Amino acid sequence: MASRCPPDDFKIYYVLTECTDYSDTSSVKESSMAQQHSQGVTGLRNLGNTCYMNAILQCLCSISPLVEYFLSGKYITALQTDSGEAATAFAYLMTDMWLGDSDCVSPEVFRSAIGKIYPTFLKRTQQDAQEFLIYVLNELHEALKKYRRKKTQENGINKCYRKVVNIESSIITRLFEGQLNYDIMCLKCENCTYKNEAFTVLSLPIPSECECSLQECLGCFFQQDTLTWNNQIHCAFCESKQDAAVRASIAKAPKTVIFHLKRFDCQGRMKRKLRTDIHYPLNNLDLSPYIYPLFRKHPKYSLCGVVNHFGDLDGGHYTAFCKNTVNQTWYSFDDTRVCEIPDSAVQTPAAYLLFYSCQSFSIPTPKCKC
């Protein structure tokens, strides 16, 4: 019996190809190796200033659990009847990019489907890749979400009181959604309150105009902040607006965390792009200093995708660097142009979005029929 890859966190296997002829085991092996080399390494045609779309799609194509979910057909049973066109088009595109025999394919069908919901993306004008990513993740979640019942504890005198709420869950929330916890302390009475907020993308400030590290960006995001003037909070104990100290921490770390580096700085009429060279690790990114102590299950992350932006605020060009699951090699994707790159080339001052995973992706392997 052929050995199988161990299941990942979702207890699913990667089933990408099938072969039925065992007459020549050596030729089967050579053919399988050649096919595996090209899996997930497919260019995308530019449909008119759609490099922002292509770069995002390439990075999502490098997230193996997401790819397997669509290739296996599991998405079909979760599809909402009135909002499945974009998710179905996404599944077909992932299939073409992983199983097709072309060096490049067109994302026209997916663009058309997502454009029916967000008409901006049908225009032949440059769009922001980070905004497009958020819209795509939101649309896939809406199309694939299911509800599960969860008991939550109510604040108040009766601490034992619990209520049942419906929680939306999908492959998107299971892979990309995290939760931030905000500790808010009134600076007058020192009463503390807490607020939770879900996220799929963390937008990080850039503390330097020359160079800095990703850890410095994270430190800047999670440092304590003071809310004054128009940002004061209403304190329930003081019964008035007061200055407050706020500190964020990660209450739930996602399996795949996406960092948005805030390179586009707009202050009134002043617009500029920060070209700071931000140094980010390819492996062993430690998020434990920012995760609430009780939830430090997966503090170390490895880079799996980068979206780069070249140019200025009102124009420019997007490309992507993605690590291929099959051969553990980095590739540069510039629309239809695809080439292998060394690990050293992944570090670039053009980085705009960073995709990190806390789990090693299973290698997609052929499944043979006896």
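Bear in mind that the values in this text are calculations on the coordinates, not laboratory data. The shown structure was predicted, so the numbers you read here are calculated from the model rather than taken from an experiment. As a convention, Cβ positions derive from the backbone with ideal geometry for all residues, glycine included, and neighbour counts pool all protein chains shown.
Brief remarks on what is shown
- Segment Phe295..Glu190, full-extension length gain: 35.2 nm, with 0.36 nm per residue of separation and the alpha-carbon distance subtracted.
- A Förster distance of 45 Å, applied to the separation of the beta-carbon atoms of Thr329 and Arg247, puts the FRET efficiency at 0.65.
- Here the calculated FRET efficiency for Leu122 and Arg45, from their Cβ-Cβ distance with R0 = 25 Å, stands at 0.95, rounded to the nearest 0.05.
- Computed E for Glu197/Tyr147 - FRET, C-beta separation, R0 30 angstrom, nearest 0.05: 0.90
- The reciprocal of the average 1/r between distinct C-alpha atoms defines the Kirkwood hydrodynamic radius, which for the stretch 279-350 equals 14.1 Å.
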